[in-house]
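Each remark here refers to the structure printed beneath this line.
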Amino acid sequence: MGEAGPAFAPEERGRSDARSGGARAGNAADRRSAVAGAPAERGGGLTELPDAQLVVLGARGDVGALEQLYRRHAAFAIHLATRIEGSARDVEDIVHDAFLRAFERLGDLVDPAAFRAWLGSIVVHKVRSRMRRARLLGMLGMGKSSEPVDLDALASPAASPHARAQIAQIYALLQTLPADDRIAWILRSVEGHDLETVAQMTDCSLATVKRRISRAQHFLDGHFVDPTNSEAST
């Protein structure tokens, strides 16, 4: 199967790195104490504060800090959910639910500086739950098992018609896979995360992630037909 990654729309802001999450060395209580002891106002106020300080303030009920976390990371969360879903439909609801969950559990975050990666794992969980529910309803004849692929949300504006056709076919094939295999493959092959990061974002072992990605890749290799080759053979 050809490499379709460069034709995907770029994320508006930097990529999450789950390796900076709860597995970091050091004592969590010490890190929180150090962050809490830092001044709450610097230069431009909340907009200038790092995530670590915003998380501590937000956990104390500072609405302004929560708003700043949302403004800073909403584009990342929407981008991630859209890539996994293959459609922008209902993505805003998914992201709002993910932020609500994150804000309710700020006190559980081991490393306040890892908010972005932690939020990403919550988004993945929310999307996975929605995909599984949609698949079940589809099997029961109570709804669609998958949504149409939204190329405008997925493809780069500069993508050629050939690249757009590739993306459409890849996502159509991915929609037939189990949610866990689909998510792992997208996080690895589309988002470009390393295996350790994918394992942390999907809350499973490295060995399990490798198996899921391998199954998805094997399926795509066996079913993907390059539009160029197809046209050339006719």
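Read-outs throughout are calculated quantities, based only on the coordinates presented, and are distinct from any laboratory measurement. Worth saying up front: this structure is predicted, and the values here are computed from it rather than measured.
Could you pull out every residue, at least 5 positions away or on a different chain, whose amide H is within less than 5 Å of the one on Ala155? Hs are placed 1.01 Å off N in the peptide plane, and Pro or chain starts have none.
Ala9
Quick check: residue separation of Ser129 and Gln217 times 0.36 nm, minus the Cα distance between them. What number comes out in nm?
So the extension gain works out to 29.5 nm.
From the phi of every residue in the stretch 123-129, what ³J(HN,Hα) in whole Hz does the Karplus formula 6.51 cos²θ - 1.76 cosθ + 1.60 yield, where θ is phi - 60° and glycine or proline is x?
Per residue, the Karplus-derived 3J(HN,Hα) values read 4, 4, 4, 5, 5, 4, 4 Hz.
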